[in-house]
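Only one structure is covered here, and it is reproduced in the block below.
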Amino acid sequence: MRTPGAGNRGGLTGMILLLLLGCSPVPESTRVTVGHPGAFASIRRHPGVYRGRPALLGGRIVRVVTLDNRTRIEIDCLPLDDDERPIGEARGEGRFLAEIPEKVSPGAYPWGRLATVWGTFAGTAEGRPLVAATRVYVWPHRYGGEPLYPPAPYREGSIGAGWDPGWWW
């Protein structure tokens with residue numbers, strides 16, 4: 001004789017196991033295919049070597065440009081954690097461009113937000129490595145886990161493009 005609710009144990013165990021495995025938005029097949037593409041400094045110096053290879057990069061969104069039939073996102077590259085989320089407190093390693101093959105509103109990719117990009121290296125554009133993006137995932141805010149505003153340009157003083165409240169702040 002079956003006990004009421006006994007048939008649900010497998011489903012509940014499966015859900016708990018899923019929650020414990022992690023919360024990466026990057027498909028496992030992409031993670032396995034990409035492996036470790038190399039240091040971003042190497043990608044920046046020799047972008048032709050990586051052309052056609054799978055890409056998995058992340059960082060802080062700097063600029064979004066809508067072109068004729070595509071959208072280009074400029075991202076300040078940051079190292080990724082185990083869930084492929086950019087580490088917001090890390091120092092930027094340089095900038096790369098992610099290109100989406102459709103026209104998207106720049107508001108969909110807000111300035112300063114963390115994003116993970118996967119796709120294929122497509123050479124260079126504007127002197128920066130270019131990724132033909134399959135997907136750009138914008139991470140939700142972690143309140144208390146990262147600063148409300150990105151560290152640059154606000155901490156560079158009144159020299160240059162940064163805003164500095166001065167000595168009275």
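Every read-out reported here was derived from the displayed coordinates using simple, explicitly stated rules and does not represent laboratory data. For clarity, every value in this text was computed on a predicted model and none was experimentally measured. Cβ sites come from the backbone with ideal geometry, for glycine too, and all protein chains shown count toward neighbours.
Results, tabulated for the structure shown:
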| read-out | value |
| --- | --- |
| Convex hull per residue volume in Å³, alpha carbons only, for region 41-92 | 118 |
| Under-5 Å amide H pairs with Arg135, H placed in peptide plane, nonlocal only | Trp118 |
| Region 74-139: GluC sites (Glu not before Pro) in DSSP coil with no more than 16 other Cβ atoms inside 10 Å | Glu89, Glu102, Glu126 |
| Point-to-point label distance, Asp68-Arg135, nm (Cα→Cβ direction, 7 Å offset) | 3.0 |
| Separation of the Asp81 and Thr120 label points, Cα + 7 Å toward Cβ, nm | 3.2 |
| Nonlocal amide H pairs with Arg53, under 5 Å, H built at 1.01 Å | Phe121 |
| Sequence-separation-based contact order of region 75-144, relative, with Cα cut under 8 Å and 6+ spacing, percent | 30 |
| Amide H within-cut-off set for Asp81, under 5 Å, with H built and near neighbours excluded | Ile87 |
